[in-house]
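The values are calculated or read from the model by the stated rules, or taken from the named source; none is laboratory data. Being a predicted model, the structure only gives us computed values, none of them experimental. Cβ atoms come from the backbone with ideal geometry, glycine included; neighbour counts cover every protein chain shown. Accessible surface is based on the protein model in full, side chains and every heavy atom, while ligands, DNA and RNA are left aside. Shrake-Rupley method; radii C 1.70, N 1.55, O 1.52, S 1.80 Å.
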Amino acid sequence: GKGHQVRALAFLDETYPPAADTGDEMLSHIGEEAGVLVEGRLELTVGSEVFILEQGDSYYFESSKPHRFRNPFELPARLISATTPANF
């Protein structure tokens with residue numbers, strides 16, 4: 001069949017090695033993000049809130065809120081995430 005011409009959703013398989021950080025500047029863009037942590041632990045900041053994700057934890061937030069991912073732990077953190085829109 002025909003592929004989707006316009007994808008509204010993108011899946012990502014990402015690994016954050018120890019000390020990885022998306023940056024001091026918080027990210028902010030249009031859309032929504034959701035994901036599940038499949039290995040390790042990860043620190044997620046959304047706005048003024050900080051969450052520690054453990055293996056098996058999922059998250060969801062509106063991407064317009066400033067956000068940041070950081071791995072201050074000793075093991076790599078792997079997550080499967082879905083973001084809209086897909087062109088991000």
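One residue is enough: does region 76-86 have a residue meeting the conditions open to solvent by 80 Å² or more (accessible area, probe 1.4 Å) and assigned to a loop (DSSP other than H, G, I, E, B)?
Checked region 76-86: no residue is open to solvent by 80 Å² or more (accessible area, probe 1.4 Å) and assigned to a loop (DSSP other than H, G, I, E, B).
Considering only region 56-88, state which residues are farther than 24 Å from residue 7 by Cα and either at pLDDT below 95 or aromatic (Phe, Trp, Tyr) (or both). Selection gives 69, 73.
If you check 9, 53, which single one turns out to be surrounded by 12 or more Cβ atoms within 10 Å (Cβ to Cβ), modelled with pLDDT under 95 and not hydroxyl-bearing (Ser, Thr, Tyr)? Break it down into steps so the answer makes sense when it comes.
Numbers: 53 fails: modelled with pLDDT under 95.
When all the criteria are applied, what remains is 9.
Every residue in region 42-52 that is without any contact (Cβ under 8 Å) to a residue 24 or more places away in the chain and aliphatic (A, V, I, L, M), please. Listed by number, the residues that qualify are 46, 50, 52.
Residue 29 satisfies every condition listed in (1) part of a loop (DSSP other than H, G, I, E, B); (2) touching a residue at least 60 places away in the same chain (Cβ under 8 Å) except (2).
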